[in-house]
Amino acid sequence: SRLMAERMTALLNQTVQVENRPGANTVIGAEYVARARPDGHTLLMAAGTTLTINPVIVPNLPYKLDDFAPILLATTFPFGIITRLNGGPVDVPAWVAAAKARPGQMTYGTNGPTTLTNVAMLMVMERLGITMQDVTYRGDSAQLAAFLAGDLDMLIVAGGTAQPVHRNGQGRLIAWTSERRVESTPEVPSIAQYAPGLDVLSWFGLLAPANTPAELVQRLNAAANEALQDARIRERLTTEGQFLAGGTPQAFTDFLRRSDAQWRPILSRLNVPRN
């Protein structure tokens with residue numbers, strides 16, 4: 001968000017500020033934008049949880065997809081599966097063997113049972129035929145601290161956390177949850193190597209309130225697309241394990257419709273709890 005805001009400020013010749021409105025699994029920020037005036041001045045950088053998970057598992061959700069005007073799909077990204085360097089499984093087959101030897105006893109951290117990181121791990125475990133115990137923390141930093149203290153066997157986190165842990169030798173990155181490998185870590189396999197066809201991704205995308213005039217949506221889309229072409233932004237996002245997207249508002253709309261149709265049966269099958 002901050003990288004794109006800085007570049008879009010120059011492209012639009014007006015200040016683009018990032019305001020954090022965290023809480024309730026992204027519901028607070030999303031509702032704020034959904035109710036904002038559709039004048040192009042209040043936008044939402046949404047994540048997969050916002051419009052993939054929440055519409056299925058949150059009763060009486062105070063927003064829906066039709067409350068937004070999609071602008072741009074910025075990136076998609078997998079999650080990194082990390083084990084301890086000392087005594088942890090060295091690769092996915094070793095992880096499967098360890099988990100099957102201790103069914104339901106190995107632990108991994110999440111930001112909650114209804115977050116996309118936990119759903120990603122549930123999908124991976126289902127395909128690999130293993131079970132583990134999830135432990136909830138408030139944020140990736142709390143999970144990482146517990147992992148480094150030896151309180152967790154594994155982590156499943158986005159690239160912004162996974163990459164430094166891997167590079168700094170704090171943990172062993174044994175797989176990404178994507179079908180393709182991540183460019184910045186070519187030595188790390190994708191989970192599809194062990195579970196063919198499995199491709200568990202989240203995403204970041206820019207949206208405006210519904211009824212934002214089409215000309216404003218197009219102007220914002222053009223600026224956001226150009227921002228994604230900035231070499232510094234591309235390098236940063238690629239280093240963090242993200243796949244750059246871009247495209248038209250209609251392409252993002254179609255992506256969101258497909259994503260909803262894909263995830264609803266998955267969440268039902270995995271019995272993800274309702275908030």
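The values are calculated or read from the model by the stated rules, or taken from the named source; none is laboratory data. Treat the numbers as computed from the prediction; the structure is a model and nothing was measured. With ideal geometry, Cβ positions are generated from the backbone for all residues, glycine too; neighbour counts draw on all protein chains shown. Accessible surface is based on the protein model in full, side chains and every heavy atom, while ligands, DNA and RNA are left aside. Shrake-Rupley method; radii C 1.70, N 1.55, O 1.52, S 1.80 Å.
Worth a mention:
- Scope segment 125-148; condition open to solvent by 10 Å² or more (accessible area, probe 1.4 Å) and not aliphatic (A, V, I, L, M); matching residues: E126, R127, G129, T131, Q133, D134, T136, Y137, R138, G139, D140, S141
- Restricting attention to segment 10-59, the residues being more than 16 Å from the chain's Cα centre (by Cα), of a type in the set (S, T, N, Q) and modelled with pLDDT under 90 number 0.
- Candidate set from segment 151-178 (those that are charged (D, E, K, R) and surrounded by fewer than 21 Cβ atoms within 10 Å (Cβ to Cβ)); member that is farthest from the chain's Cα centre (by Cα): D151
- Looking only at residues in segment 76-97 that are hydrophobic (A, V, I, L, M, F, W, C) and open to solvent by 30 Å² or more (accessible area, probe 1.4 Å), the one that is farthest from the chain's Cα centre (by Cα) is A97.
- Of all the listed residues (N271, N225, N221, N211), the sole one being open to solvent by 60 Å² or more (accessible area, probe 1.4 Å) and at pLDDT 95 or above is N211.
- Pairs with Cβ under 9 Å, 6+ apart, first in segment 89-103 and hydroxyl-bearing (S, T, Y), second exposed (fewer than 13 other Cβ atoms within 10 Å of the Cβ) and part of a helix (DSSP H, G or I): none
- For first residues located in segment 140-161 and under 17 Å from W95 (Cα atoms), partners that are assigned to a strand (DSSP E or B) and open to solvent by 30 Å² or more (accessible area, probe 1.4 Å) and lie 6+ apart or on another chain with Cβ distances below 7 Å form the pairs L152/V135.
- Segment 125-140, subset outside any loop (DSSP other than H, G, I, E, B) and over 16 Å from the mean Cα position of the chain (by Cα), residue nearest to N54 (Cα to Cα): T136
- Entry remark, segment 10-62: residues being assigned to a helix (DSSP H, G or I) and open to solvent by 50 Å² or more (accessible area, probe 1.4 Å) number 7 in total.
- Filtering segment 228-266 to residues that are modelled with pLDDT of 90 or more, over 24 Å from S184 (Cβ atoms) and either touching a helix residue (DSSP H, G or I) at 6+ places or on another chain (Cβ under 7 Å) or open to solvent by less than 60 Å² (accessible area, probe 1.4 Å) (or both) leaves T248, P249, A251, F252, T253, L256.
- Search result, residues across segment 98-124 that are among the hydrophobic types (A, V, I, L, M, F, W, C), open to solvent by 10 Å² or more (accessible area, probe 1.4 Å) and within 23 Å of the chain's Cα centre (by Cα): L122, M123
- Screening R181 against (1) loosely packed, with under 14 Cβ neighbours inside 10 Å; (2) at pLDDT below 95 leaves a single unmet condition, (1).
- Exactly one residue among L148, L72 is under 21 Å from the mean Cα position of the chain (by Cα) and among the hydrophobic types (A, V, I, L, M, F, W, C), and that residue is L72.
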